[in-house]
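Remarks on the structure that follows.
The values are calculated or read from the model by the stated rules, or taken from the named source; none is laboratory data. What you see is a predicted model, and the numbers here were worked out from it, not measured in a lab. Neighbour counts are summed over all protein chains in view; Cβ atoms, including those assigned to glycine, are modelled from backbone coordinates with ideal geometry. Calculation scope for accessible area: heavy atoms of the full protein, side chains included, ligands and nucleic acids excluded. Shrake-Rupley method; radii C 1.70, N 1.55, O 1.52, S 1.80 Å.
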Amino acid sequence: RFATQRNLVVELADMMSGAWTPHRYSSASLSDVRDCVVANNGQSMYAVNGNTEQILSYVLNTPYDQSSAVLLYSYTLTNFGGSAVEGITINPDGDKILVCGREATPLDALVQQYNLSTPWDLTTVADGTEWLPSGMYQSDILNAVRWNGDGTKLFIIGRATGNVTTEIQSYYTSTPYSLAGMGTELSQLDVTDPGGGVEARTFEISDDGR
């Protein structure tokens, strides 16, 4: 059923009559998917593919149903080093995409903003602000990035190369949903697995922030 063993399998579970019903989507274009996000209207999906270093956009013909996904466009990233694209998020208005990972040179943790002149349309993408988090060690790699509800705080999760400590860090921005005006680190949370067996790669923030 799947083109390769590592193809994307996205499952959205709908609660129906007390039972979870999974929906799956598989594509050969996503041979090394690292993260994906669904638009708040349920009609668009965006993913980052590691080994091709691309953002891919999909339309969901049935909202929130991955089995109805159709690939629309792919955009190749240029600021990340060797399969170091890890996380993606998009603001509620659909005109700003954030991608995180590791910079090509000098291998610093990197968050890159991409601006869409037409909301939700990846064909209108242009490079925006580049940001190197102040609280991360050099040679870190960031695995995921998320905004809070009003876009005034940015949360990231990452780990230093060769370091077993994994942290979620938060930063304030003076411009909601934008890397312009990013401040210094506000707080951090150590989410390292005490047993050393599992590395945290992603996280989510509830609507009320609690």
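Numbers below:
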item: Relative packing of 68-78, 179-189, which averages over residues the other C-beta atoms within 10 Å, highest first; result: 68-78, 179-189
item: Separation in nanometres of the label points that stand 7 Å from Cα toward Cβ, at Ser134 and Asp65; result: 4.9
item: Net lengthening on full extension, Glu199/Leu186 (0.36 nm per residue, minus Cα-Cα); result: 2.4 nm
item: Residue order for Ser178, Ser117 - accessible surface, 1.4 angstrom probe, largest first; result: Ser117, Ser178
